[in-house]
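The structure appears right after this line, and notes come after that.
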Amino acid sequence: MPQIAPEAEFRAVYEAWSAGRLTRADAATKLDMCERTFSRYVSRFRENGSQWWQDRAGHRVSRRRASDEELATLIGLYASQYPGWAVRHFYDRYRREHGGSRSYTWVKDALQRAGLVERRARDAASKRRRKERTPIGRKPREGMLVHQVASRREWVAGHRCDLIVTVDDASNRVCSGFLVAARGIWSVLGGIRETLDQGLFDSLHLHMALPSRLSPEETVFGGHTKSQLERVMKELGIEVCYSDPALRTRPMRVIGSLQRRLPRELAAAAIVEVDLANRYLSRYWTRFNHSFGRLPTDASSAFVPLTVRNREKLRDVLCLKHEIGVHNGHQVLCEGKPLDVAEQVRQQLHASENYRIHEYENGDCALFNGRCRVMAMKKADHRLALP
């Protein structure tokens, strides 16, 4: 038996219902619709006849259909200003910068039909691995776990540098991000300092390779990177773990998104200096978090706001600390090495006391005796004696 066309099927059911051979419920069931929809179809069919059914079937051109000019403008915009951009990245710019109103699917299909974007077919093995992957649950609240990761590449044209990014686990939101010439203890502490603007957090996952010893560019006193970092975390009351394989996936996905997007964003903004790029990043993270952030399971936050007094003490926590002592009444030792100090500093030292030097990121230092700050020290006031 030949298949009945939709209009003919509706007309046959309508005539049977009009003749009383079918109830309204039976007629709606035969057409796979509810009774209210069947009643609306009947009233419109009585008013307009077959013309209404043809319009409903899609023979009428949609009022939302894009014109040829709009389609040509979209294709020209992508080809001239954003060649090679991912569709999702281009779509964000299309909506934000150019006032576009079309959906993501419409934009993607238009670019694919024009041959500007390739159609990617995921193979069966990739789909199977994706289904078999066991995702690690996120923390329910912001501030419970923070990831810090670094990536070295040519982020700015002509400048190969490190991008230090600090990401919250629960919301996938970037709390801090900046470019430095080379990663080190000060870049790690800088990311922690910017994250602490929101408050103290519970734990830090540090996913980056750091030198075992502090470099001469970082400090003149030497020392071990890990011991200094763990001392800072202990004073802040924050747990720290290093490159946990179970936690690496999430921050690496954020870095992957930034590697695809950020160099193109900086190039589109005509930025060729690292300092200008850092100024741009301070505004860029809001847009990035809007695109890639998510709502945590628990709306409450685990960040504990710092008091004014704690903020004042933060500078003497996020620094390098070196124990010094006076040997034989006159020789000053730091980390077991002789230390030459200015005469005005030497006058403040006594053999029976324990002293500590706080070294700050700008190179200045301060001399402490316990909790008491004895005096400030400039770079010229000290240097390690050569053995």
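The table below lists the values:
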quantity: Packing-based ranking, highest mean first, of 294-306, 256-268 given that Cβ atoms within 10 Å are counted; calculated: 256-268, 294-306
quantity: Residues Ser257 and Ser215, FRET efficiency given R0 of 35 Å [Cβ-Cβ distance, rounded to 0.05]; calculated: 0.70
quantity: Nitroxide proxy distance, nm - points 7 Å out along Cα→Cβ at Ser39 and Glu312; calculated: 7.5
quantity: Global form of the stretch 68-113, assessed from the alpha-carbon gyration tensor, a/c cut-off 1.5; calculated: rounded
quantity: 37 °C / 0.692 mPa s Stokes-Einstein diffusion coefficient of the stretch 208-253, Kirkwood radius on C-alpha pairs, µm²/s; calculated: 265
quantity: Residues of type aspartates and glutamates that Lys139 reaches as a straight line, Cα spacing below 18 Å, ignoring anything fewer than 8 places off in the same chain; calculated: Asp168, Asp169, Asp202, Glu239, Asp244, Asp298
quantity: Reach of Lys30 by Cα under 14 Å, taken over aspartates and glutamates that are not fewer than 8 positions away in the same chain; calculated: Glu7, Glu9, Glu15
quantity: Equivalent ellipsoid semi-axes - Cα gyration tensor, the stretch 152-219, angstrom; calculated: 22, 16, 10
quantity: Pairwise FRET efficiency - Glu97 versus Arg11, Cβ, R0 = 51 Å, nearest 0.05; calculated: 0.50
quantity: For the stretch 284-327 versus the stretch 24-41, the gap between their alpha-carbon centres in whole angstrom; calculated: 62
quantity: Most to least packed among 194-200, 184-190 [average Cβ atoms within 10 Å]; calculated: 184-190, 194-200
quantity: Contour minus Cα-Cα distance for Asp364 and His350 (0.36 nm per residue); calculated: 2.8 nm
quantity: Estimated FRET transfer efficiency when R0 is 56 angstrom, pair Ala181-Arg113 (beta carbons, to 0.05); calculated: 0.80
quantity: Three-way shape call for the stretch 146-292 based on the alpha-carbon gyration tensor, with the a/c threshold at 1.5; calculated: oblate
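Throughout, read-outs are computed from the coordinates displayed, never taken from laboratory work. Bear in mind that the values here come from a model prediction, so they are computed numbers and not experimental data. In this analysis, Cβ positions are derived from the backbone assuming ideal geometry, glycine residues included, and neighbour counts consider all displayed protein chains.
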